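Okay, structure first, notes after.
The values are calculated or read from the model by the stated rules, or taken from the named source; none is laboratory data. These numbers come from a predicted model, not from an experiment. No Cβ is skipped: glycine too gets one built from the backbone with ideal geometry, and neighbour counts run over all protein chains shown. These accessible areas exclude ligands, DNA and RNA; they are computed on the full protein's heavy atoms, side chains included. Shrake-Rupley method; radii C 1.70, N 1.55, O 1.52, S 1.80 Å.
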Amino acid sequence: MSMGPLSRRKSVLMGAGLLAAPRLAGAQARYPDRPIRLIIPWTPGSSSDAQLRNLADLASRALGQTVVAENRAGAGGTLHAVTLAREARPDGYTIGQMHLSVVRRPYLVRTPQWDATTDFTHIIGLTGWLYGVAVKADSPFQTFAELIAHARANPGRLSFATSGIATTNHLAMEDIAARERVEFTHVPFRGSSEGVTAVLSGTVSMIADSSTWAPQVEAGAMRALCVWTENRVARFPTVPTLKELGYDMVVTSPYGISGPARMDPGVVRVLHDVMRDALMSPENTRVRGQFDMPVAYLDTEQYQDFILRRAAYEREIVTRLGIRMDG
């Protein structure tokens with residue numbers, strides 16, 4: 001008798017001394033028996049796009065079915081959330097990136113379209129972003145302190161690009177502005193790569209986003225003024241952290257993979273296991289290394305608990321900063 005992909009995978013895991021996925025019932029017993037859609041809510045070329053596409057390739061090899069990476073950028077990286085929460089079937093064939101903007105958005109609008117604590121199945125925590133502020137190489141600002149001083153003397157004249165309204169990086173910049181009592185002009189884009197282009201063209205003063213700007217800094221086209229990690233980044237040893245600059249802030253915005261609510265636990269286990277193996281692989285480690293993305297692995301139970309705790313935090317910070325998206 002021939003075995004389907006799930007049965008073969010269970011045998012491999014048991015042979016390796018790992019826990020096998022729970023037995024699936026009915027039609028799910030052959031999961032997966034067709035391609036899986038992985039929705040990436042950013043434009044091609046971003047750091048998360050590169051990391052998740054590599055993850056999809058590795059998972060495809062392990063599962064024997066293609067994991068199709070699909071870009072659906074927009075709404076600050078939350079355009080796909082309605083698909084996952086309201087439209088997709090909980091059969092394991094539509095999954096997507098879960099990140100903090102999806103968790104936060106219900107607290108920013110009058111009529112929430114989802115609740116991150118109840119409307120999704122949270123599968124695995126993966127990694128996070130290297131955030132920072134970078135300017136064009138010929139910018140007059142050599143340090144972040146110089147930039148802040150100019151902003152204080154010229155309210156609203158300096159602009160910053162992000163990958164969307166109410167994203168983690170947008171809120172971090174608003175927090176900095178509130179602490180310094182300065183005013184910036186926020187220019188949201190559909191993805192961080194578009195923000196880099198805007199800075200290089202001179203239409204925006206700086207980018208405050210994930211490390212899509214890093215290759216431009218290495219090439220000498222841009223200059224990094226600060227990073228938002230706990231410690232300095234090995235690739236940019238002279239660039240100070242926010243904490244070194246006097247801000248008690250660390251911003252890495254960990255993200256993971258989630259699907260619709262009420263997914264079969266056996267399907268969740270299969271997806272978790274292949275995604276975990278792909279995350280820890282040399283191939284994905286190399287991709288993450290290109291963008292200085294740290295491992296932030298959480299298993300299914302840990303990731304579900306993280307989302308619950310983070311939702312409470314996001315509600316508090318949105319209330320404290322008084323940010324709304326619909327008036």
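Residue-wise test of (1) polar (S, T, N, Q); (2) under 18 Å from Ile307 (Cβ atoms); (3) in contact with a Gly (Cβ under 8 Å, 6 or more places away or on another chain); (4) at pLDDT below 95.
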| position | (1), (2), (3), (4) |
| --- | --- |
| Trp42 | no, no, yes, yes |
| Ser47 | yes, no, no, yes |
| Ala59 | no, no, no, no |
| Gly77 | no, yes, yes, yes |
| Glu87 | no, no, no, no |
| Ile95 | no, yes, yes, no |
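Here are the criteria: (1) assigned to a helix (DSSP H, G or I); (2) surrounded by 14 or more Cβ atoms within 10 Å (Cβ to Cβ); (3) hydroxyl-bearing (Ser, Thr, Tyr). Tell me which single one Tyr313 does not satisfy. Looking at each condition in turn, Tyr313 falls short on (2). Of all the numbered requirements in (1) touching a Pro at 6+ places or on another chain (Cβ under 6 Å); (2) under 28 Å from Arg179 (Cβ atoms); (3) loosely packed, with under 14 Cβ neighbours inside 10 Å, Arg262 misses one, and that requirement is (2). Of the residues Arg276, Arg288, the single one that is surrounded by fewer than 23 Cβ atoms within 10 Å (Cβ to Cβ), in a helix (DSSP H, G or I) and touching an Asp or Glu at 6+ places or on another chain (Cβ under 9 Å) is Arg276.
Applying the set (1) at pLDDT 90 or above; (2) surrounded by fewer than 20 Cβ atoms within 10 Å (Cβ to Cβ); (3) of a type in the set (Gly, Ala, Ser) to Ala20 leaves exactly one unmet item: (1). For the range 120-136, the criterion of being open to solvent by 10 Å² or more (accessible area, probe 1.4 Å), more than 21 Å from Leu171 (Cα to Cα) and over 20 Å from the mean Cα position of the chain (by Cα) is met by at least one residue.
Identify, please: which residue in the range 180-229 is part of a loop (DSSP other than H, G, I, E, B) and among the aliphatic types (A, V, I, L, M) and is, among those, nearest to the chain's Cα centre (by Cα)? Ranking the candidates gives Val204 first. With the requirement that a residue be at pLDDT 95 or above, part of a helix (DSSP H, G or I) and not β-branched (Val, Ile, Thr), what does the range 144-177 give you? Of everything in the range 144-177, those that are at pLDDT 95 or above, part of a helix (DSSP H, G or I) and not β-branched (Val, Ile, Thr) turn out to be Phe144, Ala145, Glu146, Leu147, Ala149, His150, Ala151, Arg152, Ala153, Met173, Ala177.
Scan the range 102-120 and report the pairs whose first residue is farther than 19 Å from Asp305 by Cβ and in contact (Cβ under 8 Å) with a residue 40 or more places away in the chain and whose second residue is β-branched (Val, Ile, Thr) and part of a loop (DSSP other than H, G, I, E, B), with Cβ atoms within less than 6 Å and a gap of 6+ or a chain change. Cβ pairs passing all conditions: Arg105/Thr78. Within the range 207-216, can one find any residue that is closer than 20 Å to Leu130 by Cβ, open to solvent by 10 Å² or more (accessible area, probe 1.4 Å) and touching a residue at least 40 places away in the same chain (Cβ under 8 Å)? So far as the range 207-216 goes, yes, one or more of its residues are closer than 20 Å to Leu130 by Cβ, open to solvent by 10 Å² or more (accessible area, probe 1.4 Å) and touching a residue at least 40 places away in the same chain (Cβ under 8 Å).
Considering (1) open to solvent by 10 Å² or more (accessible area, probe 1.4 Å); (2) closer than 18 Å to Gln142 by Cα; (3) part of a strand (DSSP E or B), the lone condition that Ala296 does not fulfil carries the number (2). Considering each residue of the range 24-40 in turn, none proves to be under 30 Å from Thr319 (Cα atoms) and outside any strand (DSSP E or B). Checked against (1) surrounded by 14 or more Cβ atoms within 10 Å (Cβ to Cβ); (2) farther than 18 Å from Tyr131 by Cα; (3) not hydrophobic (A, V, I, L, M, F, W, C), Thr185 passes all but a single condition, namely (1). Cβ separations smaller than 8 Å between residues 6+ apart or across chains give no pair from the range 256-281 residues that are at positive phi to residues that are open to solvent by 10 Å² or more (accessible area, probe 1.4 Å) and small (Gly, Ala, Ser).
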